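Some notes on the structure that comes next.
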Amino acid sequence: MSKTVVITGSSRGIGFGLAGQFLSCGCRVLVNGRSASTTAEAVERLHPYGEKVRGVAADVSGREGVVLLHREALVHFGAVDIWVNNAGVGHEIRSAWELDEAVIERVLHTNIGGVVHGTIISFLEMRKRGEARSSTWKDLEATDSCSTG
Ligand SMILES: NC(=O)c1ccc[n+]([C@@H]2O[C@H](COP(=O)([O-])OP(=O)(O)OC[C@H]3O[C@@H](n4cnc5c(N)ncnc54)[C@H](OP(=O)(O)O)[C@@H]3O)[C@@H](O)[C@H]2O)c1
């Protein structure tokens, strides 16, 4: 049975590449970016996969955005089998004390908060179905490229 995959921050970059890879393996994929336009563009680029790809704009730097993304995934696909915490932002390479507070907040909320909320929210729903398992990139490296079981 084809798996359903949510990839945060998949409107471009590594997340977009992962979306294409999961789709080519027969999965259904929900792509995500902060804005409706970047998300719609990503879905458009993946149009050969038809109904197997959906897009939801949501900012995962806050818990509400993660809840929205997860809820929309359930609406579109009925369940989430794989949740990839990919969204991340960088900052100028400077000493920490030279960074604006707003930049520090954005990086922490996205790169740490987004991962924590994404993991908890998707894990709880998967656990209800008795299918929760947490993996790291190291685990994935040890599997075949299309082995999502
Ligand atoms: N590239 C590298 O060499 C490298 C190395 C180590 C780790 N990483 C990590 O790998 C991940 C992907 O990197 P990348 O180079 O592919 O990044 P990227 O090209 O800058 O893409 C980042 C993606 O995250 C989305 N995004 C950013 N903030 C978001 C938020 N708050 N909510 C939802 N989506 C958000 C962006 O979408 P929108 O702009 O449309 O919102 C975009 O789709 C990041 O976590 C990064 O830290 C990358």
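Selection of the range 34-93 for residues being buried (at least 19 other Cβ atoms within 10 Å of the Cβ), of a type in the set (A, V, I, L, M, F, W, C), within 14 Å of the ligand (Cβ to nearest atom) and not in a helix (DSSP H, G or I) yields L46, V56, A57, A58, V60, W83, V84, A87. Of all the numbered requirements in (1) under 19 Å from V116 (Cα atoms); (2) in contact with a Cys (Cβ under 7 Å, 6 or more places away or on another chain), K3 misses one, and that requirement is (1). Filtered by the rule that a residue be surrounded by 18 or more Cβ atoms within 10 Å (Cβ to Cβ) and away from the ligand (no atom under 12 Å from the Cβ), the range 3-15 gives T4, V5.
Every condition in (1) loosely packed, with under 13 Cβ neighbours inside 10 Å; (2) touching a helix residue (DSSP H, G or I) at 6+ places or on another chain (Cβ under 7 Å); (3) small (G, A, S) is met by S122 except one, and the failing one is (1). Annotation: V31 fulfils all but one of (1) of a type in the set (V, I, T); (2) in contact with a Ser or Thr (Cβ under 6 Å, 6 or more places away or on another chain); (3) exposed (fewer than 15 other Cβ atoms within 10 Å of the Cβ); the unmet one is (3).
Examine the range 127-145 for a residue that is modelled with pLDDT of 95 or more and over 21 Å from G20 (Cα atoms), and state whether such a residue exists. The answer is no; no qualifying residue exists.
Restricting A79, A87, A57 to those that are touching a Lys or Arg at 6+ places or on another chain (Cβ under 8 Å), farther than 17 Å from T4 by Cβ and touching a residue at least 12 places away in the same chain (Cβ under 8 Å) reduces the list to A57.
Hey, can you tell me all the residues within the range 16-27 that are surrounded by 22 or more Cβ atoms within 10 Å (Cβ to Cβ) and either within 8 Å of the ligand (Cβ to nearest atom) or farther than 13 Å from N86 by Cα (or both)?
Just the residues of the range 16-27 that are surrounded by 22 or more Cβ atoms within 10 Å (Cβ to Cβ), to begin with: 19, 22.
The one that is surrounded by 22 or more Cβ atoms within 10 Å (Cβ to Cβ) and either within 8 Å of the ligand (Cβ to nearest atom) or farther than 13 Å from N86 by Cα (or both): F22.
Does the range 114-133 include one or more residues that are of a type in the set (S, T, N, Q) and farther than 15 Å from L30 by Cα? Yes, the conditions are met somewhere in the range 114-133.
The values are calculated or read from the model by the stated rules, or taken from the named source; none is laboratory data. Because the structure is a prediction, the values reported are computed rather than measured. As a convention, Cβ positions derive from the backbone with ideal geometry for all residues, glycine included, and neighbour counts pool all protein chains shown.
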